[in-house]
Amino acid sequence: MYITIPKAAEHLGMPVEQVTKYVLEGRIRAVYDGEQFMINQDQFELYFDQLEIAKQQLTEWLNEPLPPDRDIKDED
């Protein structure tokens, strides 16, 4: 499904200006229909999947207990 830049910005939670900049830079693929840029919404599925995996990994890392202190003594 193709969406406009304002709808893509809302979907991504980004400002419209930033999405427009990314489209013009080629970081977001879009098609120009003569009046406006249209963005295929399916290209963001991988982004959201990877974001969810990263959140899960961060949660696991934060919940991992600290290793015990080795208490190394420097005897002079």
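The values are calculated or read from the model by the stated rules, or taken from the named source; none is laboratory data. Here the structure is a predicted model, which means the values were calculated and not measured. Every residue, glycine among them, receives a Cβ derived from its backbone with ideal geometry; neighbour counts consider all protein chains shown. For accessibility, only protein heavy atoms count, side chains too; no ligands or nucleic acids. Shrake-Rupley method; radii C 1.70, N 1.55, O 1.52, S 1.80 Å.
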For the chain, the longest principal axis of the Cα atoms and the Cα long axis of helix 16-25 enclose an angle in degrees, to the nearest 10, of 80 degrees
Taking a straight Cα-to-Cα line shorter than 27 Å from Lys55, and setting aside same-chain lysines fewer than 8 residues away, one finds Lys7, Lys21
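Around Leu58, with a cut-off of 14 angstrom between Cβ atoms, what is the net charge of the other residues, counting Lys and Arg +1 and Asp and Glu -1? The partial results should precede the final answer.
Working: positive: Lys55; negative: Glu52, Glu60, Glu64.
The answer is -2.
Roughly to the nearest percent, how much of the accessible area of the chain is carbon and sulfur, given a 1.4 Å probe?
Details: 3540 of 6720 Å².
Carbon with sulfur: 53 percent of the solvent-accessible area.
Report, in deg cm²/dmol and to the nearest 500, the calculated mean residue ellipticity at 222 nm for the chain, where each DSSP H run with n ≥ 4 adds -39500 (n - 2.57) and the sum is divided by the residue count. List each step's numbers first, then the result.
Values: 3 runs with 37 residues, N = 76.
Taking each H run of at least 4 residues, the total per residue is -15000 deg cm²/dmol.
For the range 1-58, which GluC sites (Glu not before Pro) are in a loop by DSSP, counting at most 10 other Cβ atoms within 10 Å? Display every interim value, and only then the final one.
Working: sites: Glu10, Glu17, Glu25, Glu35, Glu45, Glu52; in loops: Glu35.
Taking the range 1-58 and a limit of 10 other Cβ atoms within 10 Å, the loop GluC sites (Glu not before Pro) found are Glu35.
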Rounded to whole Hz and in sequence order, give me ³J(HN,Hα) for the range 49-57 from the Karplus expression 6.51 cos²θ - 1.76 cosθ + 1.60, θ = phi - 60°, writing x for Gly and Pro.
-> 5, 5, 5, 5, 5, 5, 4, 5, 5
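Just to confirm, what accessible area per residue do you get for the chain at 1.4 Å probe, in whole Å²? Mind dumping the intermediate values first?
Details: 6720 Å² over 76 residues.
Heavy-atom SASA per residue in the chain reads 88 Å².
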